[in-house]
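Below: the structure, in structure tokens.
The values are calculated or read from the model by the stated rules, or taken from the named source; none is laboratory data. Since the structure is predicted, the reported quantities are computational estimates derived from the model, not experimental observations. Note: ideal-geometry Cβ built from the backbone for every residue, glycine included; neighbour counts use all protein chains shown. Quick note on the areas: whole protein, heavy atoms, side chains included, nothing else; ligands and nucleic acids left out. Shrake-Rupley method; radii C 1.70, N 1.55, O 1.52, S 1.80 Å.
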Amino acid sequence: MEALAISLVNAVPLLAGVPLWTVTLLLMVAVAAVILVFALTFEGVGSLVLRKVAGDIQARIGPNRVGPNGMLQFLADGVKLVLKEDIIPANADRLLFKLAPYFVFVGSFAAFVVVPFGVGLIAADLNIGIYYVMAVTSLVVIGVLLAGWASNNKWALLGGMRAAAQIVSYEIPVGMALIPAVLIAGSLSLQDIVRSQGGLLGIFGWNLFHNPFTFFSFFLYFTAAQAETNQTPFDLPEAESELVSGYNVEYSGIRFGLFFLAEFGDMFIVAALATACFLGGWNVPFFHVGTLPWIWGNLLSLGVFLTKAFAMVLIMMWVRWTLPRLRVDQLMRMSWKYLVPLTFVNLLGVSLWLLVFRGKGIPGMIASLFG
Amino acid sequence: MSGPADFIFYAAAAMTVGAAILVAILPNILYAAVALLFSFAGVAGLYVLLSADFLAATQILVYVGGILVLLLFAVFLSNRISDGKTTNPTHFRLPAAAICLVLFGVLSYAAVSTPYAVKKGVYLPTTADIGELLMTRYLLPFEVASVLLLAALIGAALLSRPDRAASVKGEMEEGKR
Amino acid sequence: MGLKAYLNDIVEAVVTTAKGMRITARYGVDPKEEVTLQYPEERWEIPKGYRGFLHNDIKTCTACNMCVKVCPIDCISLESVRGADKKMVLCSYDINIGRCMYCGLCVEVCPVNSLLHTSGYEMASVALGELILHFIAAEDAPEIKARVARQVAEAAVKAAAQAAAKAAEVPSSGTAEAAKVAEAAKAEAAKAPVVEPKAAMEEAPQAPVSEPTVAKEGEKKE
Amino acid sequence: MTLDKLLVIAAALFCCGLYTVMTRRNAVAVLMGVELILNATNINFVAFSFFLSRVMGGQIFAVFVIVLAAAEAAVALAIFLRMFSTTGTVEVDAADQLKG
């Protein structure tokens, strides 16, 4: 960010008198604003697409009244969420009730910082990228727990406890399933991981096709991540039929909106991580993006990344409207008896593979056979 | 180090210490837990400034995502929900405060008056170094720690299970009635 | 649980998920499967014999009171006055459609088929009172009563005139009593047309010759 | 940002933790105090590691401290739950069955 600030100061002579750190700080704020706008737009459009997909899959039409073909439905929803009365239950713990949605939203939004949108489009290329995502998303647990408790409602409390138990349980398989990508790239930085999947192998350079273990790892990650973000069929914390709406049952207005936005933000984060770690990120198949001019390269890579990520989001929605909800004991059994052991076996397998074949994947070996 | 870093340092320090004081004095245990969250976050900020990025993320992941969740669960499970207010009684307040203030004074005096051979630290990513050291020089502590974690996990699971013998006995007694 | 069962579980989970996703994908890509009816623009065809809202054609209604009597939940109320030609004239006919259970008994019992089920089924209101269907506006009722009273009075005058003419035509049978009756009728007839409608309504019941019978049976207000 | 400032912060954190441990009766709150104390020591380790040498030993030690804190918290909370189910309270004064 500081390098960008320096180049900006050099480019614009008007800024020469301003201290460098001020420019840097303003740049940070600007970048954060851009990401926030992107996140909000995605969340709005995502909610519309979610309902459209739900309609298609359930042989309905979906929203089609507001605007042409229902395109503006999310604006109407947003306006409704903002304008609705913000009700705080009489016996609720007012402070925690007000605080909890912010934890959830911050935990979800902070992860956008390290999403590699393009060759040079990343808010902060932290060298602990994946680890950072795992860390900040754990804030969501606290927010959900506090929301459940502060509502002073038995359904909310049960939903909050369930959500916390579920997120904590599924954090382990999610982390373990992402480690193969880290091992192959030799770095936790998401940009490095994406770069490690480039080259001239095309889609076979992706970690997905690196070796059989990474192939399974992708599906394990996807399953576990879907559970970690409380998506159906793992949406027990908000199971409508038993818990009404779970931890956010007492929330209304903009506070409910924050929970809602965080849910879609989580969806995008999951899809973006899957894209970056297994599907080649912003790499364009059979083409080196870095050779293009800065702006075109970035635009192209941004388009590729978003296409892949949105495809993953669509698949998540598809799964979401296909499978019925699990029971709590089934959910816990799936995590501890199936996903955790399988991800550990996978991790061992990938490590052994990298050791035996000196870091080369199957496509790489085949390519080296032909010179 | 110029303006903004110092500002961030003082902000993180103020958050850490202020939240810690709140943990110590807040009467409501849930509020204390939330204050603890802010204290942990402040410590993570200090780690970032001390070029310990991996440690900062670990701090958030383990303390906030693990220990604090456990603490909250313990609070929820060990208080009757119908009580509504989760009280947090205190005792020996004055002598404890006196001891702590004296100790703080001694520690600060020691910290300020000792001449350290300070070398300016360098900002480098530490993750690779930590990983390598854990696998080479500190391999034994690492393995011991993992065995300890496993033991703690099994122990915690065993301790928190419902007492099967007691529940069977209870059922039998109920059957007699 | 053996290893084989464990692996079988995993395979089964994957296979069943794939099956389900194939089915939903087929629905997702095939727009012809959509069954949604765009309601206010398109509607279901109403089946024959559908019992919608009740409608009373007050022009043919004879105010026989049968529907009021047969209604099991007393949601129909009517008020009628006896007209000049001895037929009942409706002056109010209300159906509380919010209470109606659409049993159709009133329609079956209606002798002149003036009460019918329509195909209407949409009604929304913000007040319970709006659910009462008034087939005759409430403010029209006094007017109708007054008109009927006037017609009755006119008929009485006509009858009296006829009687007087008869009496004059046949003097031999003209006794003192008959003359007295004719005179009284004449006096009544002279008085009746000049009274105000409101006064007529109040006086009507006391009028000796033409006492309009006010049907009170159906009048059960909430 | 200098070493002595960081040490003073750590001392303040330590004293807050100590005060919490000494005054609280609720076992969960006592555990919170212990976590504060562990954080204070961690700050010391990392600060010394940053300012006195570029040896990573301090940070590694801090990692181990965090690991131990996690293990300790898990076991301690299991014990608290057990205590709550037997005595109906988690106040540390109530755990006096071993008193002679």
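Numbers for the structure displayed
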| item | result |
| --- | --- |
| Subset of region A:245-299 [over 25 Å from A:GLY361 (Cβ atoms), of a type in the set (A, V, I, L, M), in contact (Cβ under 8 Å) with a residue 60 or more places away in the chain and outside any helix (DSSP H, G or I)] | A:VAL249 |
| Residue check, D:LEU31 more than 7 Å from every other protein chain (Cβ to nearest Cβ) and either open to solvent by less than 30 Å² (accessible area, probe 1.4 Å) or within 13 Å of the chain's Cα centre (by Cα) (or both) | no |
| Conditions (1) surrounded by 18 or more Cβ atoms within 10 Å (Cβ to Cβ); (2) out of contact with any Leu (no Cβ under 9 Å at 6 or more places or on another chain); (3) under 17 Å from A:TYR338 (Cβ atoms); number of the one not met by A:PHE219 | (1) |
| From B:LEU22, B:LEU26, residue being over 26 Å from A:VAL29 (Cβ atoms), without any contact (Cβ under 8 Å) to a residue 24 or more places away in the chain and more than 8 Å from chain D (Cβ to nearest Cβ) | B:LEU22 |
| Some residue of region A:222-236 being polar (S, T, N, Q) and in a helix (DSSP H, G or I) | yes |
| Failed item in (1) exposed (fewer than 13 other Cβ atoms within 10 Å of the Cβ); (2) on the phi > 0 side of the Ramachandran plot, with C:ASP74 passing the rest | (1) |
| Looking only at region B:31-82, and only at residues there that are of a type in the set (Ser, Thr, Tyr), within 11 Å of chain A (Cβ to nearest Cβ) and under 17 Å from the mean Cα position of the chain (by Cα), the one that is nearest to A:TRP149 (Cα to Cα) | B:TYR31 |
| Residue within region C:27-47 that is in a loop (DSSP other than H, G, I, E, B), away from every other protein chain (no Cβ under 14 Å) and in contact with a helix residue (DSSP H, G or I) (Cβ under 8 Å, 6 or more places away or on another chain) present | no |
| A:VAL168 facing chain B (nearest Cβ under 10 Å) and assigned to a helix (DSSP H, G or I) | yes |
| Odd one out for A:PHE204, checked against (1) open to solvent by less than 40 Å² (accessible area, probe 1.4 Å); (2) assigned to a helix (DSSP H, G or I) | (1) |
| Residue match in region A:115-129 (condition: open to solvent by less than 10 Å² (accessible area, probe 1.4 Å), assigned to a helix (DSSP H, G or I), within 14 Å of chain B (Cβ to nearest Cβ) and of a type outside the set (Val, Ile, Thr)) | yes |
| Matching residues, region D:43-84, being within 13 Å of the chain's Cα centre (by Cα), facing chain B (nearest Cβ under 7 Å) and closer than 25 Å to B:CYS100 by Cβ | D:ILE43, D:ALA62, D:ILE66, D:ALA69, D:ALA73 |
| Residue pairs meeting the criteria (Cβ under 8 Å; at least 6 apart or on separate chains; first more than 7 Å from every other protein chain (Cβ to nearest Cβ) and loosely packed, with under 14 Cβ neighbours inside 10 Å, in region B:141-160; second outside any helix (DSSP H, G or I) and not basic (Lys, Arg)) | none |
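Matching residues to (1) under 28 Å from A:ILE128 (Cα atoms); (2) modelled with pLDDT of 85 or more; (3) outside the structural domain of A:PRO212 (by TED's automatic domain parsing):
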position: A:PHE268; (1), (2), (3): yes, yes, no
position: A:ARG320; (1), (2), (3): no, no, no
position: A:MET334; (1), (2), (3): no, yes, no
position: A:LEU355; (1), (2), (3): yes, yes, no
